[in-house]
Amino acid sequence: MNEILTQEKSIYIQIREMIENDILRDVLLEEERVPSTNELAKLYAINPATAAKGINLLVDEGILYKKRGIGMFVTTGAKMKIMEKRKESFYDNYVKGLLAEAASLGITKKELVAMIEREK
């Protein structure tokens, strides 16, 4: 969790994404404790409620779960859930637009695949 918060998007969303990134990079492993809202607040000089909002998004998505009196932990299967969510997002945010632009330029699927496979 050495990333820097930016003004580009809400801080709680950035907290969620940082934890997701740490799970994807195996910095945080399944069934491992994640930093508390107070630890996150201190680390990033933010309000604990803001950190909690980011953590709660991950709880709602089934990425984290709470062990009463101990803290928040990464759910078994969390890495796969994040990967699937991000793949779907990648498709929606990049591939659909790519296909639409290719179609408007008359680029066939075969040509598009060849472009993707081309090494520079």
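The values are calculated or read from the model by the stated rules, or taken from the named source; none is laboratory data. Everything numeric here is computed off the predicted structure, so don't read it as measured data. Ideal geometry is used to build each Cβ from the backbone, glycine not excepted, and the neighbour counts take in all protein chains shown. Just the protein is used for accessible areas: all its heavy atoms, side chains included, with ligands, DNA and RNA removed. Shrake-Rupley method; radii C 1.70, N 1.55, O 1.52, S 1.80 Å.
For the chain, the relative contact order is 23 percent, taking Cα pairs closer than 8 Å that sit 6 or more residues apart in sequence and dividing their mean separation by the residue count. In this label model, Ile13 and Lys87 are separated by 2.4 nm, measuring between points 7 Å along each Cα→Cβ vector. Its alpha carbons give the range 1-71 an Rg and a Dmax of 11.4, 34 Å. Stretching Ile70 away from Tyr94 to a fully extended chain increases their span by 4.6 nm, per 0.36 nm per residue minus the current alpha-carbon distance. Taken along the Cα-to-beta-carbon direction at a fixed 7 Å, the label points for Glu31 and Glu117 span 4.2 nm. Among Met80, Leu99, Ala52, which residue has its Cα positioned farthest towards the positive end of the charge dipole of the range 30-120, with +1 placed on the Cβ of Lys and Arg, -1 on the Cβ of Asp and Glu, and the dipole taken about the Cα centre? Sorting the options by dipole projection puts first Ala52.
Annotation note: GluC sites (Glu not before Pro) in the range 5-74 located in DSSP loop regions with a Cβ neighbour count of at most 15 within 10 Å are Glu8, Glu30, Glu31, Glu32, Glu61.
Step through the table entries Lys79/Lys110; Lys53/Lys87; Lys53/Lys79; Lys53/Lys96; Lys9/Lys110; Lys81/Lys110, compare each Cα-Cα distance with 26 Å, and write down the pairs that go over it. Lys79/Lys110; Lys53/Lys96; Lys9/Lys110; Lys81/Lys110, as the Cα separations exceed 26 Å there. For the residues Ile11, Ile116, a 1.4 Å probe over the protein chains yields an accessible-area ranking, largest first, of Ile116, Ile11.
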